[in-house]
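Peer 1: Below: one structure in structure tokens.
The values are calculated or read from the model by the stated rules, or taken from the named source; none is laboratory data. What you see is a predicted model, and the numbers here were worked out from it, not measured in a lab. As a convention, Cβ positions derive from the backbone with ideal geometry for all residues, glycine included, and neighbour counts pool all protein chains shown.
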Amino acid sequence: MGGRQAPGPGRWVGIDLGTTFSAVARVDDFGRADVLPNRDGERTTPSVVFFDGEQPLVGTMARRSVATSPLDAVRFVKRAMGDPAWRFETSGGTGYGPEEISALILKRLKEDAERALAGEVTDAVITVPAYFDDAARRATIAAGTIAGLTVRRVVNEPTAAALAAGLVTGPGTADGGPADGGWTGSLLVYDLGGGTFDVTALRVEPGAVHVLATAGDRNLGGFDFDNALMQLLDERFRAAGGPSLLADDATEVDLRERAELVKHTLTSVDQAIAHLAADGFAHSVTVTRDDFEHLTSALLSRTRDTAEQVVEEAGLTWPAVDRLVLAGGSTRMPMVRRMLTEISGRAPDATANPDEVVALGAARMAHLLEQAERPPEPAPRGRSSRLRSRARFGLRQRERTEESERSTTGSTGSSGSTGIRIAVHDVTSRGLGQIVFARDTDVLVNHVIIPRNSPIPAEESSVFYTRYERQGELGVSITEGDDTDPAHVRVLGDQPIRVVQYPKGAPFETTLAYDANQIIFVHVRDLTTGELVGTFEIEHVLNPNADRVAASTARIRSIAPL
């Protein structure tokens, strides 16, 4: 997460680290992005880790083993990313944090990619939900580092989906030919995965994509639709005379598998039958599509509300949205597509595979970054663009240039060497602020300095004043969130800064910055002297620090996930 790094010696890939399934993709020498098969010949890998003693199994084998010993399995770890309280302990007593479990999945993906490419994989772009906060993003970067990867960028999943949808092209490369200069329009990406949900509005023009607004819920996805269906199946099984299937870990795992099968079946037919059994009692439960849709209508309404919120915050209307792109396997549910058609007045674009579109977009992002770092021969004409992996202070004064505003630049095209630039302009997913006293009161408020949906890299400042005569210390409490009530935001860091003792009302300026990975940096300036009195990077308890990452890297390096 430091400054610019030298290009890695091996291949660069894009990784969709999903809640339920993960995938790795690569752009080949002809400019084509494709998902790489894993060692089992599958294009996606279940994000499941099963511990056979101390030996971790990852993927399909792990998923099949869950029913035999559910307490030895880890699923849906993505929802715990950035949570310092989350811990998984094996039967042998070995503990793992969420970034270490994710590292095992990433290590398996890395090894499978190396098999498919017959070469070393060293660098990666990893996707995250647009609504991931700072702690979850840092944990994702840490997971990649622990797995032996240089993480070049964490990119929002909807942004990756837009890249993969074929709508973001270099100037003069549109389907209609060079004369029309590429596709231009507004795009809404609706991303409902296994465990997270995001909606992002984007403006696409030849050579660039501008993220306009994003919102979502990291605890809403197909998993929650499955939970509702599990409750229905259990109720009907108990009504027929059977025991509760949710009272025992083993029967609950089996019930989840039955619920997932019913959900998938209802995608293509109007009813499905679940064959359930426990304690010698067996019963078949029929569920219709109407049953399922009525049961989960509140969940669907939450996604609808978010989609409408994003369209409004982007300054658009539904008629002004030119394309709807779906990402995430849960978008296959007919009610999702019907709902989007009803509110937008147009059917979603069904050309992209929702299970693969995010990984393909990550691969295209990785390709652009690789070409910018290591341009092919002959070198493309024109200025080379400098990539920055972290924000530096003074963005407004010295970095808000055409070059520095590009999140990605590079070459694309049939050979990967045409010199075409594609710029990705993303936005903050959460507001960033500071807890202060409201003027002339003893009431604490959260003062938002960088609002949500601000373009990144972002840097903004606000001036605050000392409350007491000869006040010798400032308490700088940095927050993440959009509410003015401190109780409804997360305190990222709280650092005291010693200052000169001035009369009451002395001005100090707090400057906050997001870098391209939405990592946070802070500095405080004494406006009386103009001197910088404090600069720090947010390192709160939710972030895996360098020592933890180094220790985890050494431990995971010795483990070969099967």
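Peer 1: In the stretch 435-446, which residues are of a type outside the set (Phe, Trp, Tyr) and either surrounded by fewer than 17 Cβ atoms within 10 Å (Cβ to Cβ) or part of a loop (DSSP other than H, G, I, E, B) (or both)?
Peer 2: ALA438, ARG439, ASP440, THR441, ASP442, VAL443, LEU444, listed by residue number.
Peer 1: Do we have any residue at all in the stretch 120-131 that's over 15 Å from the mean Cα position of the chain (by Cα), modelled with pLDDT of 90 or more, buried (at least 21 other Cβ atoms within 10 Å of the Cβ) and part of a helix (DSSP H, G or I)?
Peer 2: Step one: filter the stretch 120-131 for residues over 15 Å from the mean Cα position of the chain (by Cα), giving 120-123.
Among the residues that remain, those that are also modelled with pLDDT of 90 or more are: 120-123.
Within this subset, residues satisfying the condition of being buried (at least 21 other Cβ atoms within 10 Å of the Cβ) are 121, 123.
So of that shortlist, the ones also part of a helix (DSSP H, G or I) come out as none.
No; the residues of the stretch 120-131 include none that is over 15 Å from the mean Cα position of the chain (by Cα), modelled with pLDDT of 90 or more, buried (at least 21 other Cβ atoms within 10 Å of the Cβ) and part of a helix (DSSP H, G or I).
Peer 1: Cβ-Cβ below 7 Å, separation at least six or inter-chain, first residue in the stretch 63-87 and hydroxyl-bearing (Ser, Thr, Tyr), second crowded, with 22+ Cβ neighbours inside 10 Å: which pairs?
Peer 2: Qualifying pairs under 7 Å: SER65/PHE50.
Peer 1: Which of the residues spanning the stretch 298-319 are of a type in the set (S, T, N, Q), within 26 Å of THR265 (Cβ to Cβ) and in contact (Cβ under 8 Å) with a residue 12 or more places away in the chain? Full working, then the answer.
Peer 2: Just the residues of the stretch 298-319 that are of a type in the set (S, T, N, Q), to begin with: 301, 303, 306, 309, 317.
Imposing the further condition that a residue be within 26 Å of THR265 (Cβ to Cβ) reduces the set to 301, 303.
Listed by number, the list holds a single entry, THR303.
Peer 1: Out of ALA272, ALA277, which single residue is closer than 19 Å to ARG236 by Cα, among the hydrophobic types (A, V, I, L, M, F, W, C) and touching a helix residue (DSSP H, G or I) at 6+ places or on another chain (Cβ under 8 Å)? Break it down into steps so the answer makes sense when it comes.
Peer 2: Details: ALA277 fails: touching a helix residue (DSSP H, G or I) at 6+ places or on another chain (Cβ under 8 Å).
Only one candidate passes the filter, namely ALA272.
Peer 1: Can you go through ALA67, ALA62, ALA73, ALA80 and tell me which one is within 24 Å of GLY193 (Cα to Cα), surrounded by 19 or more Cβ atoms within 10 Å (Cβ to Cβ), out of contact with any strand residue (DSSP E or B) (no Cβ under 8 Å at 6 or more places or on another chain) and not acidic (Asp, Glu)?
Peer 2: Among ALA67, ALA62, ALA73, ALA80, only ALA80 is within 24 Å of GLY193 (Cα to Cα), surrounded by 19 or more Cβ atoms within 10 Å (Cβ to Cβ), out of contact with any strand residue (DSSP E or B) (no Cβ under 8 Å at 6 or more places or on another chain) and not acidic (Asp, Glu).
Peer 1: Here are some conditions: (1) of a type outside the set (Phe, Trp, Tyr); (2) touching a strand residue (DSSP E or B) at 6+ places or on another chain (Cβ under 9 Å); (3) farther than 16 Å from THR19 by Cβ; (4) modelled with pLDDT under 85. ASN219 meets all but one. Which one does it not meet?
Peer 2: (3)
Peer 1: Another question about this same structure. Filter the stretch 283-297 down to the residues that are outside any helix (DSSP H, G or I) and either under 13 Å from ASP224 (Cβ atoms) or in contact (Cβ under 8 Å) with a residue 40 or more places away in the chain (or both) and list them by number.
Peer 2: Passing the criteria: HIS283, VAL285, VAL287, THR296.
Peer 1: Could you list, in sequence order, the residues of the stretch 471-487 that are in contact with a His (Cβ under 9 Å, 6 or more places away or on another chain) and either at pLDDT below 90 or assigned to a loop (DSSP other than H, G, I, E, B) (or both)?
Peer 2: Hits for the stretch 471-487 are GLY481, ASP482, THR484.
Peer 1: Only one residue in GLY18, GLY41 is farther than 19 Å from PHE197 by Cα and not hydroxyl-bearing (Ser, Thr, Tyr). Which one?
Peer 2: Residue meeting the stated conditions: GLY41.
Peer 1: Looking at ARG452, is it in contact with a Gly (Cβ under 6 Å, 6 or more places away or on another chain) and in contact (Cβ under 8 Å) with a residue 24 or more places away in the chain? Explain how you work it out, then say what you get.
Peer 2: On the way: in contact with a Gly (Cβ under 6 Å, 6 or more places away or on another chain): yes; in contact (Cβ under 8 Å) with a residue 24 or more places away in the chain: yes.
In short, yes.
Peer 1: Let me ask something else. Counting only residues that are over 21 Å from GLN501 (Cα atoms) and in a loop (DSSP other than H, G, I, E, B), how many does the stretch 447-470 have?
Peer 2: Our first condition is that a residue be over 21 Å from GLN501 (Cα atoms); within the stretch 447-470, this holds for 447-461.
Among the residues that remain, those that are also in a loop (DSSP other than H, G, I, E, B) are: 451-454, 457.
Looking only at that region, the number is 5.
Peer 1: Scanning for something part of a helix (DSSP H, G or I), among the aromatic types (Phe, Trp, Tyr), crowded, with 21+ Cβ neighbours inside 10 Å and modelled with pLDDT of 85 or more, does the stretch 226-243 turn up at least one residue?
Peer 2: The answer is yes, given that some residue of the stretch 226-243 is part of a helix (DSSP H, G or I), among the aromatic types (Phe, Trp, Tyr), crowded, with 21+ Cβ neighbours inside 10 Å and modelled with pLDDT of 85 or more.
Peer 1: For the stretch 273-283, which residues satisfy the criterion of being among the small types (Gly, Ala, Ser) and more than 39 Å from the chain's Cα centre (by Cα)?
Peer 2: Within the stretch 273-283, GLY280, ALA282 meet the criteria.
Peer 1: To continue, here is another question. Here are THR303, THR341: which of them is in contact with a strand residue (DSSP E or B) (Cβ under 9 Å, 6 or more places away or on another chain), surrounded by 17 or more Cβ atoms within 10 Å (Cβ to Cβ) and in a helix (DSSP H, G or I)?
Peer 2: On the way: THR341 fails: surrounded by 17 or more Cβ atoms within 10 Å (Cβ to Cβ).
Selected residue: THR303, the only one of THR303, THR341 that is in contact with a strand residue (DSSP E or B) (Cβ under 9 Å, 6 or more places away or on another chain), surrounded by 17 or more Cβ atoms within 10 Å (Cβ to Cβ) and in a helix (DSSP H, G or I).
Peer 1: Please determine whether any residue of the stretch 86-96 is among the small types (Gly, Ala, Ser) and assigned to a strand (DSSP E or B). If you could, list the steps in order and put the result at the bottom.
Peer 2: So the first thing to find is which residues in the stretch 86-96 are among the small types (Gly, Ala, Ser), and the list is 91-93, 95.
Filter again for assigned to a strand (DSSP E or B), leaving 95.
There is at least one residue in the stretch 86-96 that is among the small types (Gly, Ala, Ser) and assigned to a strand (DSSP E or B).
Peer 1: Continuing with the same structure: I need the full set of residues from the stretch 53-71 which are assigned to a loop (DSSP other than H, G, I, E, B) and either at pLDDT 90 or above or on the phi < 0 side of the Ramachandran plot (or both), in order please.
Peer 2: Matches in the stretch 53-71: GLU54, GLY59, VAL66, ALA67, THR68, SER69.
Peer 1: Restricting the stretch 187-217 to residues that are outside any strand (DSSP E or B) and surrounded by 22 or more Cβ atoms within 10 Å (Cβ to Cβ), which is nearest to the chain's Cα centre (by Cα)?
Peer 2: Applying the filter and picking the extreme gives THR196.
Peer 1: Looking at (1) part of a loop (DSSP other than H, G, I, E, B); (2) at pLDDT 85 or above, can you tell me which one SER102 breaks?
Peer 2: Among (1) part of a loop (DSSP other than H, G, I, E, B); (2) at pLDDT 85 or above, SER102 violates only (1).
Peer 1: Regarding the stretch 268-278, can at least one residue be identified that is touching a Lys or Arg at 6+ places or on another chain (Cβ under 9 Å), among the charged types (D, E, K, R) and either surrounded by 17 or more Cβ atoms within 10 Å (Cβ to Cβ) or assigned to a loop (DSSP other than H, G, I, E, B) (or both)?
Peer 2: yes
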